[in-house]
């Protein structure tokens, strides 16, 4: 069996179920129902083997036997598998599995044969998934909160693609509603001020140096043509002018991180093309709307939510939630996505119940919608919290951080913890070129392998005999390499790409340990065979490292 099947743990689980049934037929175990999900996992301590299952402890009550006694019978009837060298029963009832060295070395040529797809799994089977992420209000530049959103969403999309899903990345542009008029009014004021007119910024308008700079930019480009227009007409024009500038800036910032979208979806489209009218008719016909306090409310409490939600304000304008409903109607019903993943900041945590209620009201399975809620990022410099931009004296933009530490560091550090964990981002550590910086540590492993391969020159190692790779550092490295598909599957199933950062560091550590203990290219007499075998090994390791870095959206440098 090849690791490309990415299911050795599941094969072992099926074999355990077969062994239990065989033992029951022979009378060595009593009759009982076998659990649907038999857990086979990596032991916390590597000395305990490559895989382990606690199932016998779970069966003790059903079988009325000691877990160790159950495990002994399961092992007795367990089918042989070429990947497994040894099976052990460990107190109080674990069954541990150790991989065969011959199977491990056989994986090296399989990795070399699949440089662009190694680690892929096919749990998605082509199902259509939309990942909608960032979607910041288009009223200013992206900041570090948006950076975590961007990194999470893009990495989730990457691992889902590697897991066999048909994935679309989408940015939802909130270009409708009162906040856009306020944005246009503020920008018009800054434009007028740049031309010498005493135009006040509206109360509750958008503050910040970026609005002053944008007003000056538009004044330089267009002169005073908008001052001659009727004020309301000019403000409407500045809504569109400002929107175009902000979106262009967002696209440029995201491009610096290597992020591209399949679709930029305009909120205005929901009203222009009738989705809003459709969902209001559905909710009205279903009896899910209520009128009180001059507003129209969605009866979210009828579906278990803690409170009802406004969909039409007392002034007759649609509420934010109305757009959410229309947008998801468009995603699921009109565009036909099998699943939708929305990546939202922690300030949206309270919106989860109403989204579940919305799905039920539209007749959709709420499990088809995933809401990935991420916590805030604290920006630090050498342990001190950084709150304001040195450049402008106000908010710190994503671009400033990208220019200071680079896209790879931003991506890795923002992926390094699960989305529900608050995190610190230390600018000084992100720039450090030492083993203390995990970005440097992982990428240096790839660059070191490239250096080894360059040093090998024209030596043809294609006929290298991988069965010679029998030392513990060599086998330990392969053990790490073959885990990539497991990490892809785990990241996709949990929509949590932070597993990749842990894996990348473990793989880099295994390589650095191998490099310390095993000389790869040797000119000593009689070392040609082992040199070729080890060149095959490090070449395969380079592929796995590069694949892991690519899944995280990072570069794989050949020189550092």
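Numerical summary
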| read-out | value |
| --- | --- |
| Extension reserve of the residue 268-residue 524 stretch, reckoned as 0.36 nm per residue once the Cα distance is removed | 85.0 nm |
| Alpha-carbon centroid distance for the pair segment 160-224 / segment 48-93, whole angstrom | 63 |
| Peptides 480-488, 286-294, 272-280, 335-343 ordered by average Cβ neighbours within 10 Å, highest first | 480-488, 335-343, 272-280, 286-294 |
| Translational diffusion of the chain, µm² s⁻¹ [Kirkwood Rh, Cα pairs; Stokes-Einstein; 10 °C; 1.306 mPa s] | 58 |
| Cα convex hull volume per residue for segment 430-558 (Å³) | 112 |
| Segment 187-300, relative contact order [Cα under 8 Å, separation at least 6], % | 17 |
| Descending semi-axes in whole angstrom, ellipsoid equivalent of segment 438-478, from the Cα gyration tensor | 22, 18, 6 |
| Mean separation of Cα contacts under 8 Å, 6 or more apart, over the residue count of the chain: relative contact order % | 16 |
| Added length on full extension, which subtracts the Cα-Cα distance from 0.36 nm per residue, residue 240 to residue 225 | 3.9 nm |
| Segment 223-361: relative contact order as a whole-number percent, Cα under 8 Å and 6+ apart | 18 |
| P(r) tail fraction, segment 128-259 - alpha-carbon pairs more than 16 Å apart, % | 65 |
| Largest-first principal axis extents, alpha carbons of segment 399-452, Å | 39, 24, 17 |
| Convex hull (Cα only) mean projected area of segment 375-492, reported in nm² to one decimal | 11.0 |
| Pairwise centroid distance, computed over Cα atoms, of segment 245-306 with segment 420-478, Å | 45 |
| Space enclosed by the convex hull of the alpha-carbon atoms of segment 1-86, per residue, Å³ | 102 |
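Coordinate-derived values only; no laboratory data. Because the structure is a prediction, the values reported are computed rather than measured. Every residue, glycine as well, gets a Cβ built from its backbone with ideal geometry; the counts of neighbours run over all protein chains shown.
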